[in-house]
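Notes for the one structure printed next.
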Amino acid sequence: MRDNEPHAWTPAEVPDLSGRTVAVTGASRGIGAATAEHLARHGAHVIALSPSRAEARTVTARGGGPGRVDHVECDLARLAQVRDAAERIVGLAAGRLDVLVNNAGVAAAGPAPSPAGHDMHFAVNHLGHFALTGHVLPALLSAPEPRVVNVSSLLHRLGRDPTRRANAGGARLRWAAYCDSKLANLLFTQGLLGWAHAHGLPLRAVAAHPGLVNTTLGSGALRADGHHIQARLLEWAQARWHTPAQAAWTLVRAATDPYVTGGEFFGPGGRWEWSGSPVRVRAARRACDTRGAERLWRLSQQITEHPFPSAPGRPTPRAGAR
Ligand SMILES: NC(=O)c1ccc[n+]([C@@H]2O[C@H](COP(=O)([O-])OP(=O)(O)OC[C@H]3O[C@@H](n4cnc5c(N)ncnc54)[C@H](OP(=O)(O)O)[C@@H]3O)[C@@H](O)[C@H]2O)c1
């Protein structure tokens with residue numbers, strides 16, 4: 001599964017990130033919070049996104065490094081809020097965003113659809129991130145080496161056709177819908193890369209998966225819906241998985257390693273990619289299907305009202321920009 005690399009990547013290789021701005025979604029807890037902390041500790045200005053105002057103080061207080069941490073409230077299931085959040089991000093980043101880490105996610109969400117009537121996994125894990133990326137594009141394209149990191153999962157391998165989630169309301173099979181959304185993260189990475197190439201833009205779209213991580217992903221939703229036994233079983237397993245702080249290095253590598261090229265996929269290098277140091281990994285064949293990526297791209301553009309322009313201008317670098 002893993003490509004041969006001359007040496008193992010370690011956190012010691014994270015460069016000094018002073019002067020760089022990174023936005024991280026789902027930064028209120030779990031892997032996103034740990035990623036935001038690592039990045040701030042290395043000097044990055046982190047813009048931490050989360051859906052609730054209450055989390056803002058926690059995220060901001062946890063920064064704990066030389067880098068500044070700002071908070072932006074954003075429910076990714078609400079496309080109008082995503083547009084407003086993008087404006088705030090561009091403002092806080094003073095027009096130049098180096099990296100966007102699309103990490104937020106829901107799993108095992110109940111049958112209630114998103115406010116726009118889509119399956120929640122499709123809405124939050126894919127559509128909200130698709131729209132957010134499109135709306136912050138001008139700021140990304142003002143950075144000298146812009147990068148977008150989409151966070152997928154090993155479970156993308158069980159995904160089928162994510163577009164079937166667009167008009168289906170809430171999914172009855174929650175884990176199937178989650179797997180489809182994680183496949184969508186990889187197809188979006190490919191679509192974004194293709195779009196950037198087609199327009200001669202230096203945007204690097206990459207993907208990462210964190211392995212198996214001890215967070216409340218999935219178990220919280222199961223518990224909220226009264227599936228206590230399933231929730232307890234999942235929590236029992238999760239308690240044995242690696243910590244968010246360890247898992248976050250995969251995302252940090254994808255976001256900061258200067259040798260990363262567009263389209264690469266990172267995951268933990270241990271047995272079955274469950275844990276370990278970040279390495280390049282391979283995605284399932286279905287995640288490399290260009291037709292599937294195009295189909296998802298067209299549908300997402302239509303639903304989110306075309307945040308990716310068909311003829312994007314490359315902003316002239318501002319004075320003093322690195
Ligand atoms: N944990 C694992 O084993 C595992 C494995 C493979 C992949 N992943 C991926 O890793 C990423 C992070 O997962 P995690 O385990 O850290 O999950 P987590 O602990 O449940 O955290 C999820 C984050 O997403 C945010 N979020 C949820 N709904 C949102 C919405 N509607 N709008 C905006 N943000 C929303 C949450 O905000 P609130 O705190 O406000 O709810 C939280 O910050 C996900 O993409 C997941 O698919 C995780």
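The values are calculated or read from the model by the stated rules, or taken from the named source; none is laboratory data. Just so you know, these numbers come straight off a predicted model, no measurement behind them. Using ideal geometry, Cβ is built from the backbone for each residue, glycine included, and neighbour counts are taken over all protein chains shown.
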- Those residues of the stretch 1-17 which are at pLDDT 95 or above and outside any loop (DSSP other than H, G, I, E, B), in sequence order: P11, A12, E13
- Note on the structure: Per the filter on the stretch 68-81, residues more than 9 Å from the ligand (Cβ to nearest atom) and buried (at least 20 other Cβ atoms within 10 Å of the Cβ) are V69, D70, H71, V72, L79
- Here the residues within the stretch 179-215 that are within 7 Å of the ligand (Cβ to nearest atom), touching a helix residue (DSSP H, G or I) at 6+ places or on another chain (Cβ under 7 Å) and either over 20 Å from P244 (Cα atoms) or not charged (D, E, K, R) (or both) are H209, P210, G211, V213, T215
- Message: Looking for something part of a helix (DSSP H, G or I) and either within 16 Å of the ligand (Cβ to nearest atom) or out of contact with any Leu (no Cβ under 9 Å at 6 or more places or on another chain) (or both) - is there at least one such residue anywhere in the stretch 277-286?
- Response: yes
- Task: Would you check if there is a residue in the stretch 211-226 being touching an Asp or Glu at 6+ places or on another chain (Cβ under 7 Å) and outside any helix (DSSP H, G or I)?
- Result: yes
- Counted residues in the stretch 103-138 being in a helix (DSSP H, G or I) and farther than 19 Å from A36 by Cα come to 14
- Query: Identify, please: which residue in the stretch 100-119 is within 18 Å of E73 (Cα to Cα) and in contact (Cβ under 8 Å) with a residue 40 or more places away in the chain and is, among those, farthest from the ligand (Cβ to nearest atom)?
  - Reply: L100
- Query: Of all residues in the stretch 8-47 being hydroxyl-bearing (S, T, Y) and within 16 Å of the ligand (Cβ to nearest atom), which is nearest to T215 (Cα to Cα)?
  - Reply: S28
- So which pairs qualify, if the first residue must be in the stretch 159-176 and within 17 Å of A108 (Cβ to Cβ) and part of a loop (DSSP other than H, G, I, E, B), the second must be of a type in the set (K, R) and at pLDDT 90 or above, the Cβ gap must be under 8 Å, and the two must be at least 6 apart or on different chains? G159/K182; G159/R286
- Message: Every residue in the stretch 258-276 that is under 27 Å from D161 (Cβ atoms) and within 13 Å of the ligand (Cβ to nearest atom), please.
- Response: F265, F266, G267, W272, E273, W274
- Message: Please go through the stretch 235-257 and give me each residue that is within 10 Å of the ligand (Cβ to nearest atom) and either more than 17 Å from the chain's Cα centre (by Cα) or assigned to a loop (DSSP other than H, G, I, E, B) (or both), ordered by number.
- Response: A237, Q238, W241, H242
- Task: Please indicate, with yes or no, whether at least one residue in the stretch 42-58 is closer than 18 Å to P244 by Cα, out of contact with any strand residue (DSSP E or B) (no Cβ under 7 Å at 6 or more places or on another chain), at pLDDT 95 or above and not in a strand (DSSP E or B).
- Result: yes
